[in-house]
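Chemist: Okay, handing you the structure first.
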Amino acid sequence: MTDDDFNEAYDVVPIEPGPHDPPRLSVNKITWPQAGRVTKPGRYMFTFGWLTVTAEDLAVWEKHPNAAFTLVRRATEPGNETVEEFRLGTFELRENLSLSEK
């Protein structure tokens, strides 16, 4: 992140990596079942990295259990680029979950 552009801290995770990028997460949305139906705000370890879930995120999932949130990459500390950090961004409401999302 540079001092000129504060938005660089919250880039949306790309679905397909560029030709010179390291492999990235292949999914950019997550549902409550995929997140293990967490019930408390906190920082959780998943196969794709660390995910921070807020009380506001949980309130959305409790009201709309089929909501799918966009994963947003968070800035990492210098020298610690191997650790992927994410937060939940915007969400979409879904009628039904596919079998892969249950």
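Bear in mind that the values in this text are calculations on the coordinates, not laboratory data. Just so it is clear, the model here is predicted, and its values are computed rather than measured.
Chemist: Please list the non-local residues whose amide H lies under 5 Å from the amide H of PHE46, H modeled 1.01 Å from N, same-chain partners needing a gap of 5 or more.
Modeler: LEU51
Chemist: Whose amide H sits under 5 Å from the amide H of GLU84, counting only residues 5 or more places off or on another chain, with H placed in the peptide plane?
Modeler: TRP50
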